[in-house]
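J.: One structure follows; several queries about it will come next.
The values are calculated or read from the model by the stated rules, or taken from the named source; none is laboratory data. Keep in mind the model is a prediction, meaning the values are calculated, not measured. Don't worry about glycine lacking a Cβ; one is built from the backbone with ideal geometry, like all the others, and counts go over all protein chains shown.
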Amino acid sequence: MIKVKKISKSFKDTLVLHGMSFEIEKGEFVAVMGPSGSGKSTLLYSISGMDSLSDGKVLFEGINISEMPEAELSEFRLTKMGFVFQNAQMLKNLTVFDNITLPGLVAKKESADTIKKRAAELMKRMEITGIEERDIREVSGGQLQRASICRAMINNPDILFLDEPTGALNSGATDQVLAILEDLNRDGMTIMTITHNPHVAAQARKVIYIRDGQVASSKEFQTGVDREKELNDWLRGFQPKAANEECTH
Amino acid sequence: MKLLLNLVRKDFMKNKVITTALAVFLIISALFMAGGLRVAGTMISSLNGLNELAMPTEYLQMHTGTYDEDAFEHFVETRDYIKASLIVDMLNISNANIIFQNETFEKYLMDNGFVVQNEKFDFLLNMDNEIAVVQDGEIGVPVYYAEELGIQVGDTITLHQGSYSKNLTVSTIIRDSAMNPALTSSKRFLISQADLDELSLNIGEWEYLFEFLLEDGTSTAVLEKDYLDAGMPSNGVALTGNALTMLNALSYGVVAFIIIAISIILIMIAVLCLSYIIRATMAEENYTIGEMKAIGFPGKAIEKLYQIKYLMLVLVAAVIGYLAAIPFGNFFSSSVVMYCGHGTSQWMQWIFPLIGVILLSLIVIHRCRRIIHKDLKSTVVQLIRGEERIKKEGHYSLPSAGLKHRNLTIALGELKCKWKEYVVIALIFVVSSFLILLPMNMKNTIENPSFMTYMGVGESDIRIDVKYSDKLAGQKDASLSYLENDPEIERYAIYRNGYVQFQNADEDWEYLRVENGDGSVFPLEYLEGVAPDDSKTIALSYLVASEFGKEVGDSLTVKYQGEELIFFISGIYQDITYGGKTAKAAIDFAEEDVEVYIIYVDVSDGVAIEEKTDELRSILTDSKITPISEFVSQTLGGIMDNLRLVEGAAIVISLLLIMLITVMFLQLITAREQSAIAIKKAIGFTIRDIRIQFGIRILMIQCVAIIIGTVLANTLGEVIFGLMLSSMGASKITMIVEPATAYLLYPAAQLLVVFITVIVGTKVVKNYHIRNQIVE
């Protein structure tokens, strides 16, 4: 579905992504991990077309989105991609419900009634009914993040991009969000999430570990294994030796 | 201190656009404040200087015809409050007989008198403010004509009547403390005694000016009453020193007044902007302030930190404004300097603006301190969480039918939630629209033919003054007979003007100019009541009625040729001619008492007024023929020119103002809304969409502001204009608006300026990215 081909991204003189390549298949759940400053978020924004590339290209279902004009890319993002951010970024002057329906109403692919019906269904599925008319400052972080997922799903996107979706949530809310993501993926939604939390990454079937703007390694989990344990074992291999020894002692 | 300066430097680098725009605002405010006060200082110094050196008369009575010189001398000798007196013999020469560069002075309304230098007081000064001296064959020309016609020393003025002709060489330009301004209707030329004697044998009519200086503390009213009671020569206009000073102040003070008025508006705007910017900046800084407070940074130190930037900004603005006000003020006071000289108190032009900028700085600093102090009162937790700000905004609802016009809907919705943030910019848009329209509407009103109704007569095209002749009646008859037989004349009416005495509230007798003629030919709109319709009724001008507390229905005792006549006041009208003090009544003036016959003429459709004026001038050579438009502009003297100047300046300032405020506002608002911008971009709004939304919000606010500004210019503007003209005799002005310019062209120009500024100012939207909103 997405082919990332030798992409590079630099800010002024700093090279953040360095000739990175990988693929995401349709229906796949991919987690991208790596230490702070490794370029995880930059990778997400570059793949989704929110940031321009310094080099390389991203093919989305065969279409090179790296060279798309800004307006076309916005439309593409609106209809084909859904986004969830760490801090449940929502517009402060809209109610929870209007925040969810906004991308659907802007896309105008379906009638307003259809959009609203879907929003209601999504809210029910995310178990956040009853907060529709509330101001976004009047709901909990977990509710807001689930509302963000509803917004991301409103246009039936082909892929869901998540940037540290549970970074600002407590463990209870994190589990609720993860359950939803697993559920969505089970229904065929392609998901790519950025996370530094192995518990979150363990929901994915494929984990890409990046370091210094390059893919250091990737791992696909087999079904029926304890993914979290296997992932932690795998991750231990990326930790600096001294730190490893320190941990052992 | 070094640390503070370093912080200021860093802050400037971070907020270059806002700081620069704010600095420009403050500089313009300081410039206008200092400039206006410099003009005022120069004006006061100039007028005082002229008054000191020229020793103007404190009371002046004009008179034509014979008088008893012995009786006058006896009158002066028996009044110990009279310090000095003199009789000026002034030879009035018709404008048609005065020629400069092959053109007569006919297009000027001024009455021109030729005099010799006075010996005791009321001196005519040269351009060095010394008592002017001219030799035989030389002439001193009033500065008014030097300005209007560009007459220079060395030029020749020809006086010509019939076969007589005399050339005089301009040897000096004259400053005249009594008749300097364009608003006074007479001008004096200085010639030698020998030339005056020669001229009087061939040309002109004598008029006499009886002038007085009074002992300190004596009121001119005492002299005036005494003078009239004693039956001294007095069939012309009487003027007091105060009235002359007021005419001067009105002529030269208008510019200073307007500049200071604009500066006050600008200062208000600058303070509003500053308050807004400080609040906005402080809101962005809340987290940092909270942190500083949390680690125990003293409140005073934090205050100082945030004040220093604005303190430096205002000091820089004050210095630049003060310095820039020197050429600015000089430009606007060039007229008063030309007419009156630099004067003797030149320190005023340096000290007044200095006080102004100091005052401005204090206002701004005080405002800064208050806002910052108030802002710092919040608790650490409030500051760090930014609670106060979050609470303030509500939310809007998306329409249930969907988003037909997504950018419009979202822009209006956000505007509904954030309207408080737009109050300042809206106010500035209102003020700028008002500033553009008011002078323009004033100018249009004055230029409109209907302005004539404020000059005591209905609308007409041409005015003919029949004056200056022993054969006044013959001249008048000749004029009437010509007009009667000219098919290009649609209608005309003749009015006899003379003076009567009337009894004021204190039962003292005063002179009043009365016009007698058929008021129905050029009907006049009365403020109250109606035109006099019989020999028992009189109409008074607004100034006479208000000054003497007369109302419609009151009685008024009038004395003419020793006979007391009782009139009832039938109406009150507006009139700015003859100092605003006139009346209309059917007084049967004897031929010798008629000061002037004024004939108002309407030409037939399709006849060019200018051509008809030229034709009449060539035929009725002894009369003064003036198109009404010219009459209005000359009666209002420099006010028209000033208005043109102000109109141009107001447009430039207003457009600059709205451009600056839009740039500043966009910088602030986009920075404040960077999170919303980033979210919108992330969920699929294009950069163009977001820029359009900002544009709609600002242009929507501007449209409403323009409407309010326009309404205010038409309503409040009328009141302001009325106040300006009420001292001249017109209190109730109906503003004439040029719809195409006022309702289309200027609003479009303002919208265009803001539109272009929005295009440039919203480019910053590109820079805001969702990644900056994520706290890792």
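J.: So is B:Ile707 surrounded by fewer than 21 Cβ atoms within 10 Å (Cβ to Cβ) and either within 14 Å of another protein chain (Cβ to nearest Cβ) or within 27 Å of A:Leu160 (Cα to Cα) (or both) or not?
T.: Working: surrounded by fewer than 21 Cβ atoms within 10 Å (Cβ to Cβ): yes; either within 14 Å of another protein chain (Cβ to nearest Cβ) or within 27 Å of A:Leu160 (Cα to Cα) (or both): no.
Spelling it out, it is not the case that B:Ile707 is surrounded by fewer than 21 Cβ atoms within 10 Å (Cβ to Cβ) and either within 14 Å of another protein chain (Cβ to nearest Cβ) or within 27 Å of A:Leu160 (Cα to Cα) (or both).
J.: Looking only at residues in the stretch B:571-602 that are hydroxyl-bearing (Ser, Thr, Tyr) and on the phi < 0 side of the Ramachandran plot, which one is modelled with the lowest pLDDT? Give the steps one after another, and end with the answer.
T.: Kept after step one, since they are hydroxyl-bearing (Ser, Thr, Tyr), are these residues of the stretch B:571-602: B:573, B:577-578, B:582, B:597, B:600.
If we keep only those that are on the phi < 0 side of the Ramachandran plot too, we end up with B:573, B:577, B:582, B:597, B:600.
Numbers: B:Tyr573: 91, B:Thr577: 79, B:Thr582: 89, B:Tyr597: 89, B:Tyr600: 92.
Among those residues, the one meeting the criterion is B:Thr577.
J.: From B:Ile384, B:Ile390, B:Ile372, grab the single residue that is part of a helix (DSSP H, G or I), at pLDDT below 85, within 11 Å of chain A (Cβ to nearest Cβ) and more than 18 Å from B:Gln693 (Cβ to Cβ).
T.: So the residue among B:Ile384, B:Ile390, B:Ile372 that is part of a helix (DSSP H, G or I), at pLDDT below 85, within 11 Å of chain A (Cβ to nearest Cβ) and more than 18 Å from B:Gln693 (Cβ to Cβ) is B:Ile390.
J.: Looking only at the stretch B:321-336, decide whether some residue is at pLDDT 80 or above, β-branched (Val, Ile, Thr) and assigned to a helix (DSSP H, G or I). Break it down stepwise before answering.
T.: Here is the first cut: in the stretch B:321-336, the ones at pLDDT 80 or above are B:321-336.
Keeping just the survivors that are β-branched (Val, Ile, Thr) gives B:326, B:336.
The next check asks that each one be assigned to a helix (DSSP H, G or I); those that pass are B:326, B:336.
Yes, that holds for at least one residue.
J.: Suppose we filter the stretch A:25-55 for residues that are aliphatic (A, V, I, L, M), more than 11 Å from chain B (Cβ to nearest Cβ) and either surrounded by 22 or more Cβ atoms within 10 Å (Cβ to Cβ) or not in a loop (DSSP other than H, G, I, E, B) (or both); how many remain?
T.: Start the filter on the stretch A:25-55 by keeping residues that are aliphatic (A, V, I, L, M), which leaves A:30-33, A:43-44, A:47, A:50, A:53.
Adding the requirement that they be more than 11 Å from chain B (Cβ to nearest Cβ) leaves A:30-33, A:43, A:47, A:53.
From what's left, either surrounded by 22 or more Cβ atoms within 10 Å (Cβ to Cβ) or not in a loop (DSSP other than H, G, I, E, B) (or both): A:30-33, A:43, A:47.
Summing the residues that are aliphatic (A, V, I, L, M), more than 11 Å from chain B (Cβ to nearest Cβ) and either surrounded by 22 or more Cβ atoms within 10 Å (Cβ to Cβ) or not in a loop (DSSP other than H, G, I, E, B) (or both) in the stretch A:25-55 gives 6.
J.: So is B:Val552 touching a Gly at 6+ places or on another chain (Cβ under 6 Å), surrounded by 15 or more Cβ atoms within 10 Å (Cβ to Cβ) and free of Cβ contacts under 8 Å to residues at least 60 places away in the same chain or not?
T.: Values: touching a Gly at 6+ places or on another chain (Cβ under 6 Å): yes; surrounded by 15 or more Cβ atoms within 10 Å (Cβ to Cβ): yes; free of Cβ contacts under 8 Å to residues at least 60 places away in the same chain: yes.
Answer is yes for this residue.
J.: Please state which one of A:Phe161, A:Phe238, A:Phe221 is at pLDDT below 90 and in contact with a strand residue (DSSP E or B) (Cβ under 7 Å, 6 or more places away or on another chain).
T.: On the way: A:Phe161 fails: at pLDDT below 90; A:Phe221 fails: in contact with a strand residue (DSSP E or B) (Cβ under 7 Å, 6 or more places away or on another chain).
So the residue among A:Phe161, A:Phe238, A:Phe221 that is at pLDDT below 90 and in contact with a strand residue (DSSP E or B) (Cβ under 7 Å, 6 or more places away or on another chain) is A:Phe238.
J.: Can you name the residue in the stretch B:432-446 that is surrounded by fewer than 22 Cβ atoms within 10 Å (Cβ to Cβ) and touching a helix residue (DSSP H, G or I) at 6+ places or on another chain (Cβ under 7 Å) and is also nearest to the other protein chains (Cβ to nearest Cβ) among such residues?
T.: Let us first name the residues in the stretch B:432-446 that are surrounded by fewer than 22 Cβ atoms within 10 Å (Cβ to Cβ), namely B:443-444, B:446.
Within this subset, residues satisfying the condition of being touching a helix residue (DSSP H, G or I) at 6+ places or on another chain (Cβ under 7 Å) are B:443, B:446.
Numbers: B:Lys443: 45, B:Ile446: 49 Å.
Only one residue tops the list, namely B:Lys443.
J.: Sticking with this structure for a sec: Against the condition in a strand (DSSP E or B) and either farther than 17 Å from A:Asn156 by Cα or within 7 Å of chain B (Cβ to nearest Cβ) (or both), how does A:Leu59 come out, does it pass?
T.: Numbers: in a strand (DSSP E or B): yes; either farther than 17 Å from A:Asn156 by Cα or within 7 Å of chain B (Cβ to nearest Cβ) (or both): yes.
So A:Leu59 passes the test.
J.: State all residues of the stretch A:5-26 that are in contact with an Asp or Glu (Cβ under 9 Å, 6 or more places away or on another chain) and within 21 Å of A:Thr79 (Cβ to Cβ); if no residue qualifies, say none.
T.: Once the filter is applied, which keeps residues that are in contact with an Asp or Glu (Cβ under 9 Å, 6 or more places away or on another chain) and within 21 Å of A:Thr79 (Cβ to Cβ), the stretch A:5-26 yields only A:Lys26.
J.: Now for a different question. Got a number for residues in the stretch B:677-696 being at the interface with another protein chain (Cβ under 7 Å from one of its Cβ atoms) and farther than 19 Å from A:Gly82 by Cβ?
T.: Within the stretch B:677-696, residues that are at the interface with another protein chain (Cβ under 7 Å from one of its Cβ atoms) and farther than 19 Å from A:Gly82 by Cβ number 2.
J.: Out of everything in the stretch B:512-525 that is surrounded by 18 or more Cβ atoms within 10 Å (Cβ to Cβ) and not charged (D, E, K, R), what residue ends up being nearest to B:Tyr454 (Cα to Cα)?
T.: This residue is B:Leu524.
J.: While we're on this one: B:Gln574 - would you say it is buried (at least 19 other Cβ atoms within 10 Å of the Cβ) and within 27 Å of the chain's Cα centre (by Cα)? Please lay out each step first, then the result.
T.: Details: buried (at least 19 other Cβ atoms within 10 Å of the Cβ): yes; within 27 Å of the chain's Cα centre (by Cα): yes.
For B:Gln574, the condition - buried (at least 19 other Cβ atoms within 10 Å of the Cβ) and within 27 Å of the chain's Cα centre (by Cα) - is met.
J.: Under the condition of being over 19 Å from B:Thr169 (Cα atoms), within 32 Å of the chain's Cα centre (by Cα) and not basic (Lys, Arg), which residue from the stretch B:97-118 is surrounded by the most Cβ atoms within 10 Å (Cβ to Cβ)? Spell out the reasoning first.
T.: Our first condition is that a residue be over 19 Å from B:Thr169 (Cα atoms); within the stretch B:97-118, this holds for B:106-111, B:118.
After this cut, where a residue has to be within 32 Å of the chain's Cα centre (by Cα) as well, the list is B:106-111.
From the residues that got through so far, the ones that are not basic (Lys, Arg) too are B:106, B:108-111.
Numbers: B:Glu106: 20, B:Tyr108: 19, B:Leu109: 19, B:Met110: 19, B:Asp111: 23.
If we take residues in the stretch B:97-118 being over 19 Å from B:Thr169 (Cα atoms), within 32 Å of the chain's Cα centre (by Cα) and not basic (Lys, Arg), then B:Asp111 is surrounded by the most Cβ atoms within 10 Å (Cβ to Cβ).
J.: Let me ask another. Within the stretch A:95-129, which residues are more than 12 Å from chain B (Cβ to nearest Cβ) and either closer than 22 Å to B:Ala682 by Cβ or part of a helix (DSSP H, G or I) (or both)?
T.: Step one: filter the stretch A:95-129 for residues more than 12 Å from chain B (Cβ to nearest Cβ), giving A:117-118, A:120-129.
Answer for the stretch A:95-129, where residues must be more than 12 Å from chain B (Cβ to nearest Cβ) and either closer than 22 Å to B:Ala682 by Cβ or part of a helix (DSSP H, G or I) (or both): A:Lys117, A:Arg118, A:Ala120, A:Glu121, A:Leu122, A:Met123, A:Lys124, A:Arg125, A:Met126, A:Ile128.
J.: Only residues that are exposed (fewer than 14 other Cβ atoms within 10 Å of the Cβ) and free of Cβ contacts under 8 Å to residues at least 24 places away in the same chain: list them for the stretch B:471-501, please.
T.: Within the stretch B:471-501, B:Lys471, B:Gly474, B:Asp477, B:Ser481, B:Glu484, B:Asn485 qualify.
J.: Okay, moving on. Name the single residue that is nearest to A:Asn93 (Cα to Cα) among those in the stretch B:412-425 being crowded, with 18+ Cβ neighbours inside 10 Å and away from chain A (no Cβ under 11 Å).
T.: Among those that are crowded, with 18+ Cβ neighbours inside 10 Å and away from chain A (no Cβ under 11 Å), it is B:Glu421.
J.: Mind checking which residues of the stretch A:111-137 are over 21 Å from A:Pro165 (Cβ atoms) and among the acidic types (Asp, Glu)?
T.: Selection gives A:Asp113, A:Glu132, A:Glu133, A:Asp135.
J.: Within the stretch B:137-152, can one find any residue that is over 22 Å from B:Val88 (Cα atoms) and of a type in the set (S, T, N, Q)? Reasoning before the result, please.
T.: As a first pass, look at the stretch B:137-152 and keep what is over 22 Å from B:Val88 (Cα atoms): B:146-152.
Now drop any that are not of a type in the set (S, T, N, Q), which leaves B:152.
The answer is yes, given that some residue of the stretch B:137-152 is over 22 Å from B:Val88 (Cα atoms) and of a type in the set (S, T, N, Q).
J.: Quick test for you: out of B:Val521, B:Val430, pick the one residue that is over 30 Å from B:Ile277 (Cα atoms) and either among the aliphatic types (A, V, I, L, M) or outside the structural domain of B:Tyr600 (by TED's automatic domain parsing) (or both). Quick ask: steps written out before the conclusion?
T.: Values: B:Val430 fails: over 30 Å from B:Ile277 (Cα atoms).
After applying the criteria, what remains is B:Val521.
J.: Any idea which of B:Ile759, B:Ile708, B:Ile720 is over 17 Å from B:Phe429 (Cα atoms), outside the structural domain of B:Tyr573 (by TED's automatic domain parsing) and modelled with pLDDT of 90 or more? Write out each step before concluding.
T.: On the way: B:Ile708 fails: over 17 Å from B:Phe429 (Cα atoms); B:Ile720 fails: modelled with pLDDT of 90 or more.
Checking each option against the conditions leaves just B:Ile759.
J.: Then there is this: Taking the stretch A:153-176 as the search range and keeping residues that are of a type in the set (A, V, I, L, M) and under 27 Å from A:Glu75 (Cα atoms), which one is nearest to the other protein chains (Cβ to nearest Cβ)? Don't jump to the end; show me each part of the working.
T.: Going through the stretch A:153-176, the residues of a type in the set (A, V, I, L, M) turn out to be A:153-154, A:159-160, A:162, A:168-169, A:173.
If we keep only those that are under 27 Å from A:Glu75 (Cα atoms) as well, we get A:153-154, A:159-160, A:162.
Numbers: A:Met153: 12, A:Ile154: 9, A:Ile159: 14, A:Leu160: 13, A:Leu162: 12 Å.
Here the answer is A:Ile154.
J.: Only one residue in B:Ser604, B:Ser633, B:Ser629, B:Ser654 is out of contact with any Leu (no Cβ under 8 Å at 6 or more places or on another chain), closer than 30 Å to B:Phe328 by Cβ and more than 14 Å from chain A (Cβ to nearest Cβ). Which one?
T.: Being out of contact with any Leu (no Cβ under 8 Å at 6 or more places or on another chain), closer than 30 Å to B:Phe328 by Cβ and more than 14 Å from chain A (Cβ to nearest Cβ) holds for just one of B:Ser604, B:Ser633, B:Ser629, B:Ser654, which is B:Ser633.
J.: While we're here: In the stretch B:502-511, how many residues are more than 20 Å from B:Gly553 (Cα to Cα) and surrounded by fewer than 16 Cβ atoms within 10 Å (Cβ to Cβ)? Quick ask: steps written out before the conclusion?
T.: So in the stretch B:502-511, the residues more than 20 Å from B:Gly553 (Cα to Cα) come out as B:508-511.
Remaining after also requiring surrounded by fewer than 16 Cβ atoms within 10 Å (Cβ to Cβ): B:508.
Here the count works out to 1.
J.: Here's a check for you: in the stretch B:281-308, which residue that is among the aromatic types (Phe, Trp, Tyr) and part of a helix (DSSP H, G or I) is surrounded by the most Cβ atoms within 10 Å (Cβ to Cβ)? Lay out the reasoning, then the answer.
T.: Residues of the stretch B:281-308 among the aromatic types (Phe, Trp, Tyr): B:287, B:297, B:306.
Imposing the further condition that a residue be part of a helix (DSSP H, G or I) reduces the set to B:287, B:306.
Details: B:Tyr287: 13, B:Tyr306: 23.
Per the criteria, the residue is B:Tyr306.
J.: Answer with yes or no whether B:Arg691 is of a type in the set (D, E, K, R), under 22 Å from B:Tyr746 (Cα atoms) and in contact (Cβ under 8 Å) with a residue 12 or more places away in the chain. If you could, list the steps in order and put the result at the bottom.
T.: Numbers: of a type in the set (D, E, K, R): yes; under 22 Å from B:Tyr746 (Cα atoms): no; in contact (Cβ under 8 Å) with a residue 12 or more places away in the chain: yes.
Here the answer is no, as B:Arg691 does not meet what is asked.
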